[in-house]
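Here's the structure we're looking at; comments come further down.
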Amino acid sequence: MLKLPGLIDPHVHVREPGQTHKEDWDTVTQAALAGGVTMVLAMPNTKPPIFDEATLNLALTSAKQKARCDYAQFLGAGPDNADKVAALADKAAGLKMYLDSTFGELRLDDMTLWMPHFANFPKSAPIVLHSESRTMAAGILFAAIYDRPVHIAHVSLKEEILLIKAAKEKGIKVTCEVCPHHLFLTAESPSPSGRGARGEGESSGRREVRPRLATKEDVEALWQNLDVFDCFATDHAPHTLEEKDSENPPPGFPGLETLLPLLLTAVDDGRLTIDDVIQKSVVNPRKIFNLPEQPETWIEVDETAEYEIKAANQFTRCGWTPFEGWKVKGKVRKVVLRGKTAFEDGKILAEQGYGMNVR
Ligand SMILES: [Zn+2]
């Protein structure tokens with residue numbers, strides 16, 4: 001039995017408030033615990049989005065009642081809320097800025113709308129950018145100009161990781177994360193490692209995710225530059241199967257329960273080390289997002305257990321996984337969170353409301 005610290009997932013879409021038919025603070029934190037994750041950082045693009053004091057309180061009230069693992073909530077950057085979110089910085093996981101296309105209150109149409117956020121948000125508090133390709137280059141330039149840290153979410157392209165590597169070498173304060181689906185799936189084939197099997201009748205909607213699945217060459221570049229990545233993050237973004245198989249499938253994959261089995265299988269394959277997992281899922285996210293240590297918290301993993309990933313065994317409400325049928329090695333047996341057994345042998349034992357806001 002392998003004993004590891006509780007994992008931190010810095011990129012989770014809880015779907016509450018507003019879309020609790022996909023997920024809520026109860027089910028998402030069950031999925032987290034079952035996956036060996038003891039702390040989640042929640043993204044702000046809910047309905048309504050979390051972008052001021054009232055909406056932050058809305059999310060935190062639900063979280064307080066329902067969460068079974070520890071958490072913090074991101075604020076979203078909008079066109080006219082830079083002062084408001086800066087004043088709330090110490091109550092939030094950080095500020096999320098959607099620099100590529102997004103809609104509604106978090107839409108930032110041009111770079112003049114980025115400026116007040118970079119100028120006002122405390123330098124000690126994290127700014128996370130959704131920024132793809134050349135937009136990422138602009139985001140990194142902002143980090144240099146304003147001399148403050150930025151964290152780049154879900155890097156998926158060769159050009160992106162090479163740019164971040166170059167920026168780090170110049171001393172620009174940039175960190176970044178990679179999602180398992182960008183490491184294990186490509187645009188050409190859902191099972192590049194050869195360990196998986198494509199699901200029966202899988203629709204194209206089930207492959208929709210942003211950033212999109214990349215080419216084999218991109219994926220190889222991510223693996224070759226793994227040391228440039230600071231964190232693993234799931235970008236857990238659940239939608240129901242009905243939605244994914246519809247005419248207009250929304251982008252996003254669930255990921256909390258497949259993160260650790262996929263990483264441990266890569267360890268078994270010699271593509272990663274256990275120390276990589278600890279650094280990128282515990283040590284670095286704690287440092288980048290100023291997160292407290294969780295006392296008396298650990299997970300126990302049977303690293304020899306081989307099995308197939310099955311959505312039917314998962315706790316997420318969305319009812320599917322892009323890794324259905326994949327053969328993996330490494331199963332979470334037990335999760336202890338702040339001295340209490342929160343998960344054991346497939347059963348959630350932590351009650352709703354046990355989770356703490358780490359801010
Ligand atoms: Zn996301």
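The values are calculated or read from the model by the stated rules, or taken from the named source; none is laboratory data. Everything numeric here is computed off the predicted structure, so don't read it as measured data. We place every Cβ from the backbone using ideal geometry, glycine too, and count neighbours over all the protein chains shown. The area values use the complete protein model at the heavy-atom level, side chains included, leaving out ligands, DNA and RNA. Shrake-Rupley method; radii C 1.70, N 1.55, O 1.52, S 1.80 Å.
Dipole magnitude for the chain: computed about the Cα centre from +1 point charges on Lys and Arg Cβ and -1 point charges on Asp and Glu Cβ, it is near 580 debye. The distance from the alpha carbon centre of the range 223-277 to that of the range 281-297 is 20 Å, rounded to a whole number. Annotation: lysines with alpha-carbon distance below 17 angstrom to Lys327 (same-chain offsets under eight excluded): Lys310.
By accessible area, using a 1.4 Å probe on protein heavy atoms only, the chain has 49% of its surface on carbon and sulfur. Quick one: go through the range 1-41 and flag any residue whose amide nitrogen is under 19 Å from the point 7 Å out along the Cα-to-Cβ line of Asn57. Hits in the range 1-41 for Asn57 at 19 Å: 17-18.
Structural descriptor for the range 62-182: relative contact order 20 percent, calculated from alpha carbon pairs under 8 angstrom and at least 6 residues apart. Which of Ala32, Pro251, Leu157 sits closest to the plus end of the dipole of the chain, meaning its Cα is farthest towards the positive end, when Lys and Arg get +1 and Asp and Glu get -1 on the C-beta? Of the options given, the answer is Ala32.
Projected label points at Leu2 and Ala144, each 7 Å from Cα along the beta carbon direction, are separated by 3.9 nanometres. In terms of accessible area, using a 1.4 Å probe and ignoring ligands and nucleic acids, Ser101, Ser131, Ser246 rank largest first as Ser101, Ser246, Ser131.
The heavy atoms of Lys347 offer some 130 square angstrom of accessible surface to a 1.4 angstrom probe. Working note: Karplus 6.51/-1.76/1.60 with θ = phi - 60° gives the range 76-83 the couplings x, 7, x, x, 9, 10, 4, 5 Hz, where Gly and Pro are set to x. Shown are Ser281, Ser124, whose ranking by accessible area with a 1.4 Å probe and every protein chain present, most to least, is Ser124, Ser281. Amide hydrogen proximity for Ala342: with H placed 1.01 Å from N in the peptide plane, the residues at 5 or more positions away or on another chain lying under 5 Å are Val335, Val336, Leu337. Computed from backbone phi with θ = phi - 60° and the Karplus coefficients 6.51, -1.76 and 1.60, the 3J(HN,Hα) list for the range 118-123 is 5, 6, 9, 5, x, 5 Hz; x is used for glycine and proline. Among beta bridges from DSSP that stay inside the chain, the antiparallel ones total about 45%. In the assembled protein chains, Thr20 presents an accessible area of approximately 60 Å² (probe radius 1.4 Å). Evaluated with a Cβ-only charge set (Lys, Arg +1; Asp, Glu -1), the range 197-269 carries a dipole of roughly 140 debye about its Cα centre, given to the nearest 20.
Of Glu217, Glu105, Glu303, the residue with the greatest mean-square motion in the GNM of the chain, using alpha carbon springs below 10 Å, is Glu217. The sum of -39500 (n - 2.57) across all DSSP H runs of n ≥ 4, divided by the residue count of the chain, sets its helix-only mean residue ellipticity at 222 nm to -7500 deg cm²/dmol. A simple spin-label model places the labels of Ala187 and Lys287 3.4 nm from each other, with each point 7 Å out along Cα-to-Cβ. Taking amide H atoms as placed 1.01 Å from N in the peptide plane, the amide H of Thr186 lies under 5 Å from those of Ser191, each 5 or more residues away in sequence or on another chain.
The Lys347 and Asp100 beta-carbon pair, evaluated with R₀ = 51 Å, returns a calculated FRET efficiency of approximately 0.80. Run down the lysines and flag those whose C-alpha is under 16 Å from the C-alpha of Lys334, throwing out any fewer than 8 positions away in its chain. In chain and number order, the partners are Lys3, Lys347.
Heavy-atom accessible area for Ile274, with the other protein chains in place and a 1.4 Å probe, reaches approximately 50 Å². Projected label points at Ala166 and Asp268, each 7 Å from Cα along the beta carbon direction, are separated by 3.9 nanometres. When Glu243, Glu169 are compared by accessible area of protein heavy atoms, the largest-first order is Glu169, Glu243, using a 1.4 Å probe.
Between Glu303 and Lys340, the C-beta separation translates, for a Förster distance of 25 Å, into a calculated FRET efficiency of about 0.55.
Hydrophobic, long helices, defined as DSSP H runs whose alpha-carbon span along the helix axis is 24 Å or greater and whose mean Kyte-Doolittle value is at least 0.0, do not occur in the chain.
Computing FRET efficiency as 1/(1 + (r/R0)^6) for Asp90 and Lys64, where r is the C-beta to C-beta distance and R0 is 22 Å, gives about 0.80.
Taking every protein chain into account, the accessible area of the chain amounts to 40 square angstrom per residue (probe 1.4 Å). Name the residue farthest towards the positive end of the dipole of the chain from the options Leu213, Leu56, Thr341, assuming +1 on Cβ of Lys and Arg, -1 on Cβ of Asp and Glu, about the Cα centre. Most positive-ward Cα: Thr341. Less than 5 angstrom separates the built amide H of Leu272 from those of Val267, all sequence-distant by 5 or more or on a different chain. Rounded to whole numbers, the Karplus 3J(HN,Hα) couplings from phi for the range 298-305 are 7, 10, 10, 10, 8, 6, 9, 6 Hz, using 6.51 cos²θ - 1.76 cosθ + 1.60 with θ = phi - 60°, and x at Gly and Pro. Taking a virtual spin label 7 Å from the Cα of Ser124 along the C-beta vector, which residues in the range 63-102 bring their backbone nitrogen under 18 Å of it? Of the residues in the range 63-102, 85-95 have backbone N under 18 Å from the label point off Ser124. Under a 10 Å cutoff between Cα atoms, tell me which one of Thr341, Thr38, Thr316 has the largest fluctuation in the Gaussian network model of the chain. Residue with maximal mean-square fluctuation among Thr341, Thr38, Thr316: Thr341.
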